[in-house]
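The values are calculated or read from the model by the stated rules, or taken from the named source; none is laboratory data. In this text, all values refer to a predicted model and were calculated from it rather than measured experimentally. Please note: Cβ atoms are built from the backbone with ideal geometry, for glycine as well, and neighbour counts cover all protein chains shown. Heads up: the accessible areas ignore ligands, DNA and RNA and are worked out on the full protein's heavy atoms, side chains in. Shrake-Rupley method; radii C 1.70, N 1.55, O 1.52, S 1.80 Å.
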Amino acid sequence: RWDMINKFVADLGRSAADSQDRFAHGPVNDGHAGSVYLGLFEGDGQRRALWSTGHVPLRNTATTQSNKLNPGVAFIADGLKSALNIFQTMQSDEERFISIEPDTVLAHPDLRWDVETLLDSQNVPGSADNDINVVRGNRIGVKPTFSEKITDTDSWSLWKSGGDAVVWLEREALRTQQTMDDLTQDAIEMSFYRCNIIVGEFRWTVGSAPP
């Protein structure tokens, strides 16, 4: 009996952890549409999706900044170069160039071979002239991370670790509790947590969603 109860508790803990993981992916999966998760209020008083071509700085509302490839590009050398260029030319609200160096590419496992091939190749994959691959992973300092919880299997994004593009606010840590039904004396296992997740500073990520 106790072995069975322990298995229930372990399975409940795994389910709760999976729930947290799916919740954490919400801003990424809604990052281009912005139908659920919107960022902080910008210079024009509007809130926008995590990835947008029209972010408005706080100081100069006559200008816009983009952290999205438009149109979306598949994970190829030219697409990665374009995303890196956005990071390199990013400006602060004071219109100072801040040149952020991303270190992570996030993608669905369906893109694993495309991502790892490009990041690990000495030459540009598919190049007839054996062009040097200037976006090789160990050259630009970018490593891949894959998640099966990304719903758009063709999309990918670049991130700077430690930035606050997406912020997890934990109000109560995940915990599991066991009680007993007063009438039936059945054991009741409960697992719960309290948290919120918000879209923060758009400058820490660049996204691409191929059509």
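How many nm separate the modelled label positions at residue 168 and residue 148, each set 7 Å beyond the Cα in the direction of the Cβ?
Between residue 168 and residue 148, the label points sit 1.9 nm apart.
What's log10 of I(q)/I(0) for the chain at q = 0.09 Å⁻¹, Debye sum over Cα points only, no solvent?
Here log10 of I(q) over I(0) equals -0.46.
Give me the Kirkwood hydrodynamic radius of segment 149-211 in Å, from all C-alpha pairs, to one decimal place?
Radius from the Kirkwood sum: 15.5 Å.
Taking only protein heavy atoms and a 1.4 Å probe, what accessible area per residue, in Å², does segment 95-211 have with all protein chains in place?
59
Evaluate the Kirkwood expression for the hydrodynamic radius of segment 72-146, namely the inverse of the mean inverse distance over all pairs of different C-alpha atoms, and round to one decimal in Å.
After inverting the mean inverse Cα-Cα distance, the result is 13.2 Å.
Sequence-distant or interchain residues sharing an amide H contact under 5 Å with residue 55, placed H: which?
65, 67
Could you work out [θ]222 nm for the chain from helices alone, using -39500 (n - 2.57) per DSSP H run of at least four and dividing by all its residues? Round to the nearest 500 deg cm²/dmol. Could the numbers behind the result be given before it?
Numbers: 5 runs with 52 residues, N = 211.
So the calculated ellipticity at 222 nm is -7500 deg cm²/dmol.
For residue 138 and residue 20, calculate 0.36 nm times their separation in residues minus their Cα-Cα distance, and state this gained length in nm to one decimal. Numbers along the way, then the final one.
Numbers: separation 118, 0.36 × 118 = 42.48 nm, distance 3.17 nm.
Going from the current span to full extension adds 39.3 nm.
Computing the accessible area with a 1.4 Å probe over protein heavy atoms, can you report the carbon and sulfur percentage for segment 1-117?
Working: 3360 of 6550 Å².
Using a 1.4 Å probe with all protein chains present, segment 1-117 comes out at 51 percent carbon and sulfur.
For residue 161 and residue 198, what does the FRET efficiency come to when R0 = 22 Å and r is the distance between their Cβ atoms, rounded to the nearest 0.05? Before the final figure, lay out each step's value.
Working: r = 18 Å, r/R0 = 0.82.
Between residue 161 and residue 198 the formula returns 0.75.
Which residue, 46, 20, 177, tops the fluctuation ranking in a GNM of the chain built on C-alpha contacts under 10 Å?
177
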